[in-house]
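Following: one structure in structure tokens, then a few remarks.
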Amino acid sequence: MMNTTGTHYVLAREQTDISDEVRAVAAPLPPNVAEPFRIRIADPDGTDPAMISEWMHRPHLLETWEQPWPAERREQDLRAQLAGTYSLPCIASFDYATDNQPERGRRDVAYLELYRAAKDEISRLYHADPYDVAMHLATAELDLIGRGAMTAFAVQLMSAIFAAEPNCRRIMIDPDHRNVVVRRVAEKFGMTNLGEFDIRPDRRIALFTLPRTPADMPTL
């Protein structure tokens, strides 16, 4: 079995039964965020696969992402994403000097996936526009959670996505329905909860949206 790029590695959530209009849309662009954060595209040829693999074995991400993959599979996954038009894998870094920890310098702290909702399984739940952007964010460093740093990053990220994607009508996220932390953060920065859905027999999600304007609120 091959994915839409002609490679044998299949991105599990990518949909192939889509219209030509949706298929023609490129993958999301990397957003520009302000210091102390930066975002770069993940590099399958460097140390990123091993780093992300280590992150995903940490207890808090193992529970929420359920991707305890070896570095070799993570490398394949990154390559498949970068070869196609469905998603863009990114790494977020943080400058600890701004947090009174100059000895730690700038460090990679989170894994970010931006993807086209119209090419994803969540497109079965609502009327997705071809340019809608959805995202998954995995914060590896627990010292940045619970004191506002990552919440501020997420709020800034939303604005940066809209700035990078002028045709994007809305941003979507689909956390596990039990992920209380992400749900609270989503509501905190103004996302609308569209409800809970059994997207797969083994996965129940809460679907959230942030429309660019009130007229861009999606319908189920």
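The values are calculated or read from the model by the stated rules, or taken from the named source; none is laboratory data. None of the values given here were measured: they were computed from a predicted structure. Reconstructed Cβ throughout: ideal geometry from the backbone, glycine too, with neighbour counts over all protein chains shown. SASA here: full protein model, heavy atoms, side chains in, ligands and nucleic acids out. Shrake-Rupley method; radii C 1.70, N 1.55, O 1.52, S 1.80 Å.
Numbers at a glance
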| item | result |
| --- | --- |
| Residue list for the range 126-140, restricted to those being of a type in the set (D, E, K, R) and either surrounded by fewer than 18 Cβ atoms within 10 Å (Cβ to Cβ) or under 18 Å from P30 (Cβ atoms) (or both) | D132 |
| Top-ranked residue in the range 148-163 [being in contact (Cβ under 8 Å) with a residue 60 or more places away in the chain and open to solvent by less than 40 Å² (accessible area, probe 1.4 Å); ranked as farthest from P211 (Cα to Cα)] | F153 |
| Among the candidates A118, A152, residue that is out of contact with any Cys (no Cβ under 7 Å at 6 or more places or on another chain), at pLDDT 95 or above and among the small types (G, A, S) | A118 |
| Residue ID - most open to solvent (accessible area, probe 1.4 Å), chosen from residues in the range 41-54 that are over 15 Å from the mean Cα position of the chain (by Cα) and hydrophobic (A, V, I, L, M, F, W, C) | A50 |
| Residue, farthest from G146 (Cα to Cα), within the range 175-190, restricted to residues that are among the aliphatic types (A, V, I, L, M) and surrounded by 18 or more Cβ atoms within 10 Å (Cβ to Cβ) | A186 |
| Search result, residues across the range 18-40 that are open to solvent by 80 Å² or more (accessible area, probe 1.4 Å) and either modelled with pLDDT of 95 or more or within 19 Å of E113 (Cβ to Cβ) (or both) | D20, E21, R23, A24, L29, N32, R38, R40 |
| Total residues in the range 66-98, condition part of a helix (DSSP H, G or I) and either open to solvent by less than 10 Å² (accessible area, probe 1.4 Å) or closer than 27 Å to F162 by Cβ (or both) | 9 |
| Among residues of the range 99-153, those that are of a type in the set (A, V, I, L, M), over 18 Å from D17 (Cα atoms), in contact with an Asp or Glu (Cβ under 9 Å, 6 or more places away or on another chain) and part of a loop (DSSP other than H, G, I, E, B), counted | 1 |
